[in-house]
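Worksheet: one structure, shown below.
Just so it is clear, none of the values below were taken in a lab; they were calculated from the coordinates. In this text, all values refer to a predicted model and were calculated from it rather than measured experimentally. Reconstructed Cβ throughout: ideal geometry from the backbone, glycine too, with neighbour counts over all protein chains shown.
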Amino acid sequence: MINIVKKTDCSGCYSCVNICPKECISIKVDDEGFGYPSIDKYRCIDCNLCEKVCPIINTPKNETIDSIAYACKNNNEQARKTSSSGGVFTLLCEEVIKRDGIVFGATFDENFDVKHTYAETLEECEKLKGSKYVQSKIGNTYKQARNFLNDGRLVLFSGTQCQIKGLNLFLTKGYNNLITSEIICHGVPSPKVFNLYKDNLKNKYNSNIKHIRFRDKILGWNKFSYVTEFENNEIYSKALNEDIYMKGFLGDLYLRPSCYKCRAKNFSSNSDISLADYWGVEKKHLEFDDDKGTSLVLVNTKKGKDIFEKIYCNMEVIKTDMEYAINNNPCIVRPVKYNKNREKFFELIEKENLEYSIRKCITSTFTQKVKWKIRSSLGSIKRTLKIYYINKLL
């Protein structure tokens with residue numbers, strides 16, 4: 001029987017819920033808005049399957065293939081415009097749907113809560129596109145995916161690194177007709193905080209929400225905007241460094257506790273493909289960047305290589321340096337650092353408004369700014385000296 005003692009020991013992947021033969025595990029939401037497994041001990045038969053599929057405890061067997069990194073842009077400009085980065089997920093969807101396959105991914109429901117679902121048409125795949133900076137509820141989609149796989153259908157399953165790790169452990173065996181695509185994740189924010197944020201916007205604009213876009217490119221890809229459209233035709237739009245919710249998210253203020261010690265990083269999920277933003281592409285491949293979005297695609301397995309080759313002709317592609325890509329997107333291999341104001345923040349939102357609570361907890365002091373500047377300068381000096389000595393040796 002799985003027993004969560006510390007909240008850092010549960011990623012909320014729902015693998016235990018999906019595997020339980022007696023369906024005696026449910027998800028209970030805590031006071032921070034995150035879900036954790038709750039077991040009906042009277043119905044439990046002590047099969048321990050929940051422990052065997054937990055991605056915190058276990059790691060699926062990895063294929064022995066060196067990952068290869070690519071910078072990619074979808075040739076379809078409209079598809080790239082409505083995507084978070086380079087539009088590669090759209091091409092994966094098109095390839096799978098063309099082969100009568102099923103695509104699983106995260107979508108907004110009617111209340112703009114985020115959940116996992118599946119699509120069987122390209123039109124349905126549209127709702128799976130774009131970033132959703134909230135933890136999605138997997139629900140019973142692992143079981144649904146297994147049913148489709150056993151029926152011989154091709155399945156593309158997209159999710160965060162811990163969700164893909166949970167899926168691969170849940171399935172207990174490999175499927176040739178399964179393609180997994182992990183989204184390189186900064187961490188998942190609290191659904192409770194996002195609900196407070198939505199409520200604040202609805203009250204401010206005196207209207208219900210019609211559309212949400214976390215990664216609108218109206219100001220470009222590098223300075224993406226958060227956009228909410230309302231039923232009364234009003235629009236809220238602010239850049240990532242101006243929107244209060246994005247500030248708190250990027251400041252690692254209200255992520256799930258397990259995110260600070262994520263055990264699904266560094267290719268441990270056994271995902272076929274990893275998708276990320278290729279931050280820093282303009283310095284490595286200047287001619288390639290147009291500030292409309294570039295995907296970093298990491299091909300990790302033979303199945304990943306096979307489908308990548310299928311969509312290759314519909315992209316602009318440059319093979320790139322893995323070490324450079326990781327340095328510019330370190331969440332590929334390691335989790336974010338814990339924000340020491342996190343506990344204070346969750347105490348504050350119980351008695352203060354959300355915006356005040358976030359601002360109170362993410363504002364750096366003058367001393368912190370000076371320390372950061374010194375560390376940054378020392379890092380630059382070290383890099384310069386390293387390059388100097390390497391050149392001297394050559």
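One table, with the values for the structure above:
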{"item": "Residues THR121, THR228 arranged by fewest to most Cβ contacts within 10 Å", "result": "THR121, THR228"}
{"item": "Selected from GLY166, GLY105, GLY152 as most flexible by GNM, with the chain as the system and alpha-carbon contacts under 10 Å", "result": "GLY152"}
{"item": "Mean residue ellipticity (222 nm) of the chain, computed from DSSP H runs ≥ 4 via -39,500 (n - 2.57), nearest 500", "result": "-10000 deg cm²/dmol"}
{"item": "Fluctuation leader among LYS292, LYS217, LYS204 - the chain, Gaussian network, Cα springs under 10 angstrom", "result": "LYS204"}
{"item": "Ranked list, fewest to most other Cβ atoms within 10 Å of each Cβ, for HIS211, HIS116, HIS285", "result": "HIS211, HIS285, HIS116"}
{"item": "Gyration tensor (Cα) of the stretch 232-318, equivalent ellipsoid semi-axes in angstrom", "result": "29, 22, 14"}
{"item": "Computed over the stretch 133-207, Cα set: Rg, Dmax in Å", "result": "16.5, 51"}
{"item": "Rg and Dmax [Cα atoms of the stretch 27-71; Å; Rg one decimal, Dmax integer]", "result": "17.2, 52"}
{"item": "Sorted by Cβ density within 10 Å, fewest first, the residues LYS127, LYS283, LYS73", "result": "LYS283, LYS127, LYS73"}
{"item": "Selection of GluC sites (Glu not before Pro), the stretch 44-106, meeting DSSP coil and at most 15 other Cβ within 10 Å", "result": "GLU63"}
{"item": "Global geometry of the stretch 33-164, whether rounded, prolate or oblate, following the gyration tensor of its Cα atoms and the 1.5 cut on a/c", "result": "prolate"}
{"item": "Built amide H within the under 5 Å cut-off of LEU156, gap 5+", "result": "ILE102, VAL103, PHE104, ILE179"}
{"item": "Size of electric dipole in the stretch 282-370: Cβ of Lys, Arg +1 and of Asp, Glu -1, about Cα centre, debye, nearest 20", "result": "460 debye"}
{"item": "Three-way shape label, the stretch 171-278, alpha-carbon gyration tensor, a/c 1.5", "result": "prolate"}
{"item": "From phi via Karplus (6.51, -1.76, 1.60), per-residue ³J(HN,Hα) for the stretch 31-43 in Hz, x at Gly/Pro", "result": "6, 9, x, 9, x, 9, x, 10, 10, 7, 5, 6, 9"}
{"item": "Full-stretch length increase - LYS305, LYS52 - with 0.36 nm per residue and alpha-carbon distance subtracted", "result": "88.2 nm"}
{"item": "In the stretch 187-292, GluC sites (Glu not before Pro) in a DSSP loop with at most 11 other beta-carbon atoms within 10 Å", "result": "GLU287"}
{"item": "Across LYS115/LYS340; LYS265/LYS340; LYS165/LYS261; LYS61/LYS98, pairs whose alpha-carbon gap is larger than 20 Å", "result": "LYS115/LYS340; LYS265/LYS340; LYS61/LYS98"}
{"item": "Size of charge dipole - the chain - debye, nearest 20, with Cβ of Lys, Arg +1 and Asp, Glu -1, no other charges", "result": "1560 debye"}
{"item": "Using θ = phi - 60° and Karplus 6.51 cos²θ - 1.76 cosθ + 1.60, couplings along the stretch 210-227 (whole Hz; Gly, Pro as x)", "result": "10, 9, 10, 10, 6, 10, 6, 9, 4, 9, x, 6, 5, 10, 5, 10, 8, 10"}
{"item": "Cross-link partners of LYS351 among aspartates and glutamates (Cα-Cα below 18 Å; sequence separation of 8 or more within a chain)", "result": "ASP30, ASP31, GLU32, ASP199, GLU343"}
{"item": "Span from the the stretch 174-223 Cα centroid across to the the stretch 1-73 one, whole angstrom", "result": "23 Å"}
{"item": "Vicinal HN-Hα couplings computed from phi for the stretch 128-140 (Karplus, 6.51 cos²θ - 1.76 cosθ + 1.60; Hz; Gly/Pro x)", "result": "8, 6, x, 6, 10, 7, 8, 6, 7, 8, 5, x, 9"}
{"item": "Cα radius of gyration and Dmax for the stretch 7-52 (Å)", "result": "10.7, 31"}
{"item": "Percent of Cα pairs exceeding the 35 Å cut-off, where the set is the chain", "result": "28 percent"}
